[in-house]
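This report refers to the structure that appears directly beneath it.
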Amino acid sequence: MFSHVMIGTNDIEKAKAFYDSVLATLDIRPGPLEALQDGRLRVLYRASGGVFALTQPLDCRPAS
């Protein structure tokens, strides 16, 4: 139904640690923590059905 889901977070390292352990139960591993051109960080989890992504907010405002 969805090709990808992206979640914004204020603390990407903490969110990554959480989703690393949760998604590992489904045998989904994270890609590398990537720095975007503007310095924001993101990480992608790829599965056969799509992508789950964590990112610092795209609008550069705090996630809420």
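Quick rundown of the values:
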quantity	calculated
Matching residues, the stretch 27-64, being without any contact (Cβ under 8 Å) to a residue 24 or more places away in the chain, among the aliphatic types (A, V, I, L, M) and surrounded by 16 or more Cβ atoms within 10 Å (Cβ to Cβ)	Leu44
Residues being assigned to a strand (DSSP E or B) and within 11 Å of the chain's Cα centre (by Cα) - total across the stretch 24-64	13
Index of the failed condition, Ser21 passing every other in (1) at pLDDT below 95; (2) part of a helix (DSSP H, G or I)	(1)
Filter pass, Leu54 being modelled with pLDDT under 95 and on the phi < 0 side of the Ramachandran plot	no
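The values are calculated or read from the model by the stated rules, or taken from the named source; none is laboratory data. These figures come from a predicted structure and were not determined experimentally. Positions of Cβ are generated from backbone atoms using ideal geometry, with glycine treated the same way; all protein chains shown enter the neighbour counts.
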